[in-house]
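A.B. asks: This is the structure, below, for whatever I ask next.
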Amino acid sequence: MRPASKILLLALLTPAFALAAGAGSAPAQGQQHVAPPGAGNTPGQMPVLYDIQGVTSWSTLAKVKQVKVKNRILPEFSKEIAALNNQEVKVQGFMMPLEPGEKQKHFLISLVPQSCSFCLPAGPEGVVEVKSKTPVKYTLEPIIVSGKMEIMKDDPMGLYYRMNNATLASNK
């Protein structure tokens, strides 16, 4: 076996050995992942959004199932989500710009921060398309936007939620 083949084989098998040894296994139900001793809040740690009274939670927006209709997969929304359609709501999340520039009028807001410029940070239940009245300054910090929620049952881009006429709301 050539040295390059040995290196490739080792690189491919190392994660399998680590998983077999229990490294990287998920915590038991009801437990949380624990950072290594001394890690503290490291810069690479994923920020957590906490529920805020009066702000629609991501756990509410996640109450959607995918159903097969003929040869397509479409969302089936809970009654709780359906009741949000055409209502003024607030959503908290992280901005994902859709165009270059410091200020954005059309962007996505997500449950988790963007980690790749070319990838959606969550599935369609974890993203809201936002069309704002006035430009919103891009930030890496979570924001709260307020606007009229549109529940989309058959969006050609595969999105479930859109907020129209949105404005930046207070984070308090």
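Any read-out appearing in this document is the output of simple, stated calculations on the displayed coordinates, not a laboratory observation. Predicted model only: the values in this text are computed from it and were never measured. Reconstructed Cβ throughout: ideal geometry from the backbone, glycine too, with neighbour counts over all protein chains shown.
A.B. asks: Would you calculate the separation in nanometres between label points at E141 and S170, each defined as 7 Å from the Cα along the Cα-to-beta-carbon direction?
C.D. replies: So the label points at E141 and S170 sit 1.5 nm apart.
A.B. asks: Then there is this: Binning at 10 Å from 0, report for segment 102-162 what percent of all alpha-carbon pair distances ends up in each bin.
C.D. replies: The calculated distribution, bin by bin, is 20, 55, 24, 0.
A.B. asks: Could you calculate the contour length gain from K105 to N86, that is, 0.36 nm times the residue separation minus the distance between their Cα atoms, to one decimal place in nm?
C.D. replies: 4.9 nm
A.B. asks: Simple spin-label model, 7 Å along Cα-to-Cβ: K133 to R72 in nm?
C.D. replies: Computed distance between label sites K133 and R72 equals 3.3 nm.
A.B. asks: Please compute one quarter of the surface area of the Cα convex hull for segment 58-169 and express it in square nanometres.
C.D. replies: 6.9
A.B. asks: Computed over the Cα atoms of segment 66-110, what is the convex hull's projected area averaged over all directions, in nm²?
C.D. replies: That works out to 5.2 nm², a quarter of the Cα hull's surface.
A.B. asks: If you count, for each residue, the other Cβ atoms within 10 Å and average over each peptide, how do 102-112, 69-79, 134-144 line up from highest to lowest?
C.D. replies: Sorting 102-112, 69-79, 134-144 by mean packing, highest first, produces 102-112, 134-144, 69-79.
A.B. asks: Calculate, for K148 and K65, the FRET efficiency according to 1/(1 + (r/R0)^6) with r their C-beta to C-beta distance and R0 35 Å; round to the nearest 0.05.
C.D. replies: My answer for the efficiency is 0.90.
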